[in-house]
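Trainee: The structure that follows is given in the form of structure tokens.
The values are calculated or read from the model by the stated rules, or taken from the named source; none is laboratory data. Computed from a prediction, not measured in an experiment: that's the story for all the values here. Methodologically, a virtual Cβ is constructed for each residue, glycine included, from the backbone with ideal geometry; neighbour enumeration extends over all protein chains shown.
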Amino acid sequence: MKTLLLLIVGITIISVYYFIKLFKSKTNQNQSQDSNNNLLNSINNEFAFKLLGQMPTAIAVFDLNMKYLVATQKWLNDYNLKDHDIIGKSHYEVFPEISEEWKQIHKDCLKGMIHRQNEAPFYRSDGTIQWISWEVKPWYDQHNEIGGIMIFTNEVTEQRRISIESNKLKEILEKISQTARIGAWEVNLETNFVYWSNMTKQIHGVADNYQPKLANALAFYKEGVSKDTIVKAVDIAIEKGIPYDVEVELITAQNEIVWVRAVGDAEFVDGKCARLFGVFQDIHQAKSQEIQISQLLAEQNAIFSSASEVAIITMNQDMVIRHFNKGAENLLGYCSDEIVNKTTPFTFIKNDKLSQVKNELKQLLSAELNDLDVLPTIAQIRVFNNQEWTFIRKDNSEVPVQLSITQIQDFDNKAIGYLVTAIDLSQIKQMQEQLVESNDNLNTLIKTLSKQNWQLSNFAHVVSHNLRSPVANLVLLHSLLTQSEDEDEKQLLLENLEIIVGHLSETLNTLTDTIKIQESAKDDLVLVTFEEVLQKTREILSGQIMENDFKITFDFKEASSVHYKLDFMESIFLNLISNALKYKSLQRTPSIHIESFVMENGNIILKFQDNGLGIDLKKYGTKVFGLNKTFHKHPEAKGIGLFIIKNQIESLGGNISVESEVNEGTTFTITF
């Protein structure tokens, strides 16, 4: 083919040269004629002209002024000039779109240069692009002088398009090969030549320059099932021409085991296998996942089949049962063949629970539901799950179960079915009932013992704490009495001393009876008047109140009394007011304001607000009501009073809270 093309080109060039020589000879003989048309008319060698015009190459010959002397038919066809008379016309008139760059090339060639270009764009005036290869060279007359130039072109637009598409296809195939890790292979059985593509070599773990041999091509396969499988498949392909597609294990050059897919076919010549060829794919990741999934499915199936104490049931999207394990058979009395692909779980779900849940879902979702929608909806929105339901056995007996339903989803998280698990609660409920009964008895005993223990402990603390303030007042009044020289003042102190002694005696008697009083619980509640309790507290603390010029204000108009234990209320007032005295600020006159009011829910609130030292709640907030917890360096601080009143308040269903700012004061709020 190449020889033929060279022959055609050679003949073309010789013909062009002969034509030019003949043309110039005639031109010299007719110098009186001044136009190319006249010169052409003088040409009488019709054979040479026709021969040049029919050459299979696009050729045009120009004079020194770049006017056409001759053009082959191929030239006219390539540039859509079949219907144009171009002889004698300027090349730039025929192609006004020719660039200045190309015009300069023509000028250079008219001076003796030769230009070649393998592939270049020719931008046409109509906006299209022709891709051409070309050669421009001068031609010489009989005096060896340049008479013009010859342009040889080859229109390669279509070839370029095919080449570009071929390259794109090659690139796509290469990307597919890289992405899917697919390689090619071939074995020529006549020459024993083995070909592996680069990807096939990569999969085997060998270098790109590795040349496989027929003898060791199968040596990479893992001994055992894999090697036996591939050897057998190859032998059958060679003997019978049967193609194969197998998945086997390969040991790479790096001694790594990978799963591959080997696909092969045979080509026979004269009844004998001459060639084997095919593709080779790395499927290690997919195969490993497949094996893992198979193992998981086997494990799940084993668990599904062996779970005899738990009912496991699967349904499709239409709620038709697809699996019914041994546990479900034991629980409901049906065998799997009676249920699978024949019914829905509503065969054995009691209607009252189904209706109840359906109505609750309707209210929750504000949507209409039918019975078949209930379980899928529970699985989807994950409410009402793990609740107690009632199943009806095959013998019509009822069994309580804890039911859970879950969506079964595919790899795209699309629901493809549902999984129901149910646990028999019969024994559990029986044990729960027994446990509840035992717990009730135990709780009653614990409450009794705890109450008695608390009462004993509280009594001990109350005795210790509530006697401290009266005794302290006695000591103080005694000290004042011994120091006083004024008879009137002594008389006043003696009167207060008698009052305190009386209150002390009363307190001792009250504390002695505390345990007996607390045993009567809320039956001992009386109507307690806040102002009366306050007055009694004032009398008990009169010495300290006088000494510290302590101011007490109150407002009990909104709630003047409450049904309560009198000794508890007296303890509350005494502790909170004595604390206000004890932890007073030396920067201002100590005071406390007590106020009561009624909340919207009917609860009575009692507030004690002092202007003392305050408590650092950030530091001591969790310890304010703890036993023996103190927050100021005061010699009489024992940390018992707040602990006692908190327990007294909470024992009657109330609560106490505190708000405080350091150096501003403290507010205790009691809710009855």
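Trainee: Could you tell me whether any residue of region 526-541 is without any contact (Cβ under 8 Å) to a residue 40 or more places away in the chain and touching an Asp or Glu at 6+ places or on another chain (Cβ under 7 Å)?
Mentor: Checked against the condition, which is being without any contact (Cβ under 8 Å) to a residue 40 or more places away in the chain and touching an Asp or Glu at 6+ places or on another chain (Cβ under 7 Å), region 526-541 yields at least one hit.
Trainee: Yes or no: E437 more than 43 Å from the chain's Cα centre (by Cα) and either modelled with pLDDT of 85 or more or surrounded by 12 or more Cβ atoms within 10 Å (Cβ to Cβ) (or both)?
Mentor: The answer is no for E437.
Trainee: Kindly check whether there is at least one residue in region 596-615 that is farther than 26 Å from V562 by Cβ and modelled with pLDDT under 80.
Mentor: no
Trainee: Would region 372-388 turn up any residue that is assigned to a loop (DSSP other than H, G, I, E, B) and either among the aromatic types (F, W, Y) or surrounded by 15 or more Cβ atoms within 10 Å (Cβ to Cβ) (or both)?
Mentor: Yes, region 372-388 contains a residue that is assigned to a loop (DSSP other than H, G, I, E, B) and either among the aromatic types (F, W, Y) or surrounded by 15 or more Cβ atoms within 10 Å (Cβ to Cβ) (or both).
Trainee: Scan the helices (runs of 4 or more DSSP H) fully inside region 488-578 and keep the ones with 1 or more residues being surrounded by 14 or more Cβ atoms within 10 Å (Cβ to Cβ), modelled with pLDDT of 90 or more and not small (G, A, S).
Mentor: Passing ranges, in order: 530-540, 542-547.
Trainee: Just checking, which of Y221, Y210, Y195 is among the hydroxyl-bearing types (S, T, Y), within 54 Å of the chain's Cα centre (by Cα) and buried (at least 16 other Cβ atoms within 10 Å of the Cβ)?
Mentor: One residue alone meets the criteria, Y221.
Trainee: A follow-up question, please. Take the residues in region 40-64 that are part of a loop (DSSP other than H, G, I, E, B) and at pLDDT below 75, then tell me which one is surrounded by the fewest Cβ atoms within 10 Å (Cβ to Cβ).
Mentor: Here the residue is N44.
Trainee: I would also like to ask the following. Under 9 Å by Cβ, and 6 or more places apart or on different chains, what pairs join a residue from region 133-154 that is in the same structural domain as F122 (by TED's automatic domain parsing) and under 19 Å from I105 (Cβ atoms) with one that is charged (D, E, K, R) and assigned to a loop (DSSP other than H, G, I, E, B)?
Mentor: Pairs found: P138/K111; I146/K111; G147/D141.
Trainee: Moving to a separate point now. Restricting to region 141-175, name every residue that is among the β-branched types (V, I, T) and at positive phi.
Mentor: Within region 141-175, no residue meets the criteria.
Trainee: Please find, among S585, S571, the residue that is assigned by TED's automatic domain parsing to the domain that holds I605 and over 30 Å from L494 (Cβ atoms).
Mentor: So the residue among S585, S571 that is assigned by TED's automatic domain parsing to the domain that holds I605 and over 30 Å from L494 (Cβ atoms) is S585.
Trainee: Follow-up. Having 2 or more residues that are in contact (Cβ under 8 Å) with a residue 12 or more places away in the chain and either of a type in the set (A, V, I, L, M) or not assigned by TED's automatic domain parsing to the domain that holds L403 (or both) is the bar; report the strands (runs of 3 or more DSSP E) wholly within region 229-348 that clear it.
Mentor: Here the list reads 244-251, 257-269, 272-282, 310-316.
Trainee: So, one more: Can you give me the number of residues within region 637-672 that are of a type in the set (G, A, S), on the phi < 0 side of the Ramachandran plot and surrounded by 15 or more Cβ atoms within 10 Å (Cβ to Cβ)?
Mentor: 5
Trainee: Now a separate question. If V463 passes every condition in (1) modelled with pLDDT under 75; (2) among the aliphatic types (A, V, I, L, M); (3) surrounded by 15 or more Cβ atoms within 10 Å (Cβ to Cβ); (4) within 16 Å of K565 (Cα to Cα) but one, which one does it miss?
Mentor: V463 satisfies all of (1) modelled with pLDDT under 75; (2) among the aliphatic types (A, V, I, L, M); (3) surrounded by 15 or more Cβ atoms within 10 Å (Cβ to Cβ); (4) within 16 Å of K565 (Cα to Cα) except (4).
Trainee: Moving on to the next point. Which of the residues that make up region 579-594 are touching a residue at least 40 places away in the same chain (Cβ under 8 Å), hydrophobic (A, V, I, L, M, F, W, C) and not in a helix (DSSP H, G or I)?
Mentor: I592, I594
Trainee: Could you give every pair whose Cβ atoms fall below 7 Å, whose first residue belongs to region 433-453 and is assigned by TED's automatic domain parsing to the domain that holds Q648 and under 22 Å from S651 (Cβ atoms), and whose second residue is at pLDDT below 70 and loosely packed, with under 10 Cβ neighbours inside 10 Å, counting only separations of at least 6 or pairs across chains?
Mentor: Matching pairs, first to second residue: none at all.
Trainee: Scan region 242-261 and give yes if some residue there is over 43 Å from the mean Cα position of the chain (by Cα) and over 22 Å from I291 (Cβ atoms), otherwise no.
Mentor: Yes; the residues of region 242-261 include at least one that is over 43 Å from the mean Cα position of the chain (by Cα) and over 22 Å from I291 (Cβ atoms).
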